[in-house]
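*Asks:* Handing you this structure, nothing more for now.
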Amino acid sequence: MRRVSFLVLALFLLVCAVTDAQTVRTFAHRGGRLERDENTLVAFAEAWNGGYHGFETDIRMSKDGVLYVCHDNTLDRTTTGTGILEEKLSSELDTLHTKKGNPFFRFDDLVRFLDGKDSLYVEFEMKTTPANAYPQERLEVYLEKLYQGVKSIHTKGSTLLFTSFDLRGLLWLQEYHPDAELMPIFNKPVNDDNIAVCQALGVKRIACTLDGTSRAAVAKAHKAGLLVSLWPCQKPEDFMLGVYLGNDLMCNDIPFALRDWLQTNAPWINVIY
């Protein structure tokens, strides 16, 4: 019994030693999609008021070239509308609400919300799939509007990232707006192949799945000069696993529950919200 107790204590002290020097940034995915009405102004405002300066959001473009905050390319799951967002005019999209009653809102409104706030971390995910909805000419219009909108945000000490699974947008921004901070997203764990892609792009960050990622792979990414962001975090155990793997950032679906849990159960971890 004493030996078991000693091992438990030793493990606890080891975890504290590892995490004491580690800082992890966690940010509200779509404003906290499992706790709030995802990708709505209400969700972002409540996360901000709850102490979060970090957010992730998704941007799509209407048929007539207006940017909206929406994850899916179809409207059916989250809104009172139906059909493909990219095939709708802004005059129609502006009449929609979410199924929870909040306005379906424009990217410009998000920019106004973020404007003047400091110490932000925001991932603007470029939702440019399916690719046939964003042929090259339309893709470039989308990218230019998004870039100019993000750059219009007045903020200090902030990180504003352009992220995507679609490398086309990242490559275009890299060529035409080399000051843009970029991060590719992979629907795979951290591995040699996606580390190599990031090195070829010359970016400083990588986003991969928590499941399947090893501590050795994270260490290899760090050696390559990359900050590692893992997803998803849908329960506190996911966050803790990311910490033990050595990640730098965690995309978080439960910002309020996680914040409360960490403050009570893991106060030794240096978390930036």
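The values are calculated or read from the model by the stated rules, or taken from the named source; none is laboratory data. What you see is a predicted model; the values in this text were computed from it and never measured. Counting neighbours? That spans all protein chains shown, and the Cβs are built from the backbone with ideal geometry, glycine included. For the accessible areas, the whole protein counts, side chains as well, though only heavy atoms, and no ligand, DNA or RNA atoms are used. Shrake-Rupley method; radii C 1.70, N 1.55, O 1.52, S 1.80 Å.
*Asks:* Going through the stretch 75-109 one residue at a time, which ones are among the β-branched types (Val, Ile, Thr) and closer than 18 Å to Arg138 by Cα?
*Replies:* Within the stretch 75-109, Ile84 is the sole residue that qualifies.
*Asks:* Oh, and also: Which residue pairs have Cβ atoms under 6 Å apart, sit 6 or more places apart or on different chains, and have a first residue in the stretch 166-184 that is in contact (Cβ under 8 Å) with a residue 40 or more places away in the chain and in a strand (DSSP E or B) and a second that is of a type outside the set (D, E, K, R) and open to solvent by less than 20 Å² (accessible area, probe 1.4 Å)?
*Replies:* Met183/Leu161; Met183/Thr163; Met183/Ala207
*Asks:* Just checking, how many residues over the stretch 152-161 are crowded, with 18+ Cβ neighbours inside 10 Å and touching a helix residue (DSSP H, G or I) at 6+ places or on another chain (Cβ under 6 Å)?
*Replies:* 1
*Asks:* Assess whether Val190 counts as being open to solvent by less than 20 Å² (accessible area, probe 1.4 Å), closer than 29 Å to Met240 by Cα and either of a type in the set (Val, Ile, Thr) or in a helix (DSSP H, G or I) (or both).
*Replies:* Taking the combined requirement at face value, the residue satisfies it.
*Asks:* Also, quick follow-up: Within the set of pairs 6+ apart or on separate chains, which have a first residue in the stretch 230-252 that is under 16 Å from Thr23 (Cα atoms), a second that is in a helix (DSSP H, G or I) and modelled with pLDDT under 95, and C-beta atoms under 6 Å apart?
*Replies:* Between residues of the stretch 230-252 that are under 16 Å from Thr23 (Cα atoms) and residues that are in a helix (DSSP H, G or I) and modelled with pLDDT under 95, the close pairs are Val243/Thr19.
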